[in-house]
Ligand code: RTP
Ligand code: MG
């Protein structure tokens with residue numbers, strides 16, 4: 001860029017409870033790295049109802065909200081800060097459409113086709129904009145600027 005800042009874009013990726021319980025974490029990490037992302041930080045965490053509700057607050061008025069919160073609190077999630085040029089859009093493309101049952105047909109090589117089940121249990125999350133990415137990274141991690149490639153396992 002004009003100020004000489006060559007920092008790459010960051011996004012917040014999450015392996016949801018069905019992905020963790022289904023033992024897809026390693027397979028997903030391999031797709032992440034093979035697709036050119038660096039994993040800056042990662043953390044396994046059990047969300048409680050309050051935290052899951054804040055994370056997905058944009059959906060609080062939706063009919064599926066209570067079911068979504070039950071799903072997201074059903075087991076631990078693995079959150080990762082991914083870094084790469086165009087990370088936000090490229091990660092959303094890689095995970096595929098929200099409804100994993102449709103992804104299996106229309107985007108068979110997507111991550112949701114690999115490990116998801118339906119419109120709710122779709123095994124992964126990705127920030128949908130720069131604003132969301134900044135909010136979601138700071139939701140989970142204190143220092144959003146450092147990329148230490150550390151693994152944090154806490155709150156379990
Ligand atoms: P995410 O935020 O988790 O990356 O997923 P997304 O952008 O593709 O989809 P979004 O519309 O933001 O929905 C958030 C999550 O809510 C669940 N959902 N259930 N039952 C339903 O019709 C329904 N629709 C969405 C999914 O787990 C979805 O990822
Ligand atoms: Mg979303």
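Extension gain, residue 9-residue 86: 0.36 nm per intervening residue step, less the Cα-Cα distance, totals 27.1 nm. Report, to the nearest 10°, how far helix 25-34 tilts away from the longest principal axis of the Cα atoms in the chain, using its own Cα long axis and a range of 0 to 90°. Taking the Cα atoms of the chain, the angle to 25-34 is about 40 degrees. Extension gain, residue 131-residue 146: 0.36 nm per intervening residue step, less the Cα-Cα distance, totals 3.6 nm. Where q = 0.17 Å⁻¹, what log10 of I(q)/I(0) comes from the Debye formula for the stretch 9-153, counting one point per Cα? The calculated log intensity ratios at q = 0.17 Å⁻¹ are -0.93.
How much FRET efficiency would the formula 1/(1 + (r/R0)^6) give for residue 54 and residue 117, where r is the Cβ-Cβ distance and R0 is 22 Å, rounded to 0.05? Write out the running numbers ahead of the final one.
On the way: r = 25 Å, r/R0 = 1.14.
That gives a FRET efficiency of 0.30.
Among 84, 30, 41, the order by Cβ neighbours within 10 angstrom, fewest to most, reads 30, 84, 41.
When the chain is treated as a GNM with alpha-carbon contacts under 10 Å, the residue of 61, 110, 101 showing the greatest mean-square fluctuation is 61.
Spin-label model, residue 65 to residue 98: label points 7 Å out along the Cα-to-beta-carbon direction sit 1.4 nm apart. Its relative contact order, with pairs defined as Cα atoms under 8 Å and 6+ residues apart, puts the stretch 1-134 at 36 percent.
Measure nothing fancy, just the Cα-based angle from helix 130-140's long axis to the longest principal axis of the chain, in degrees from 0 to 90, nearest 10. The answer is roughly 80 degrees.
Since every read-out is calculated from the coordinates, none of them should be taken as a lab result. Everything quoted here is computed from the prediction, not taken from an experiment. Counting neighbours? That spans all protein chains shown, and the Cβs are built from the backbone with ideal geometry, glycine included.
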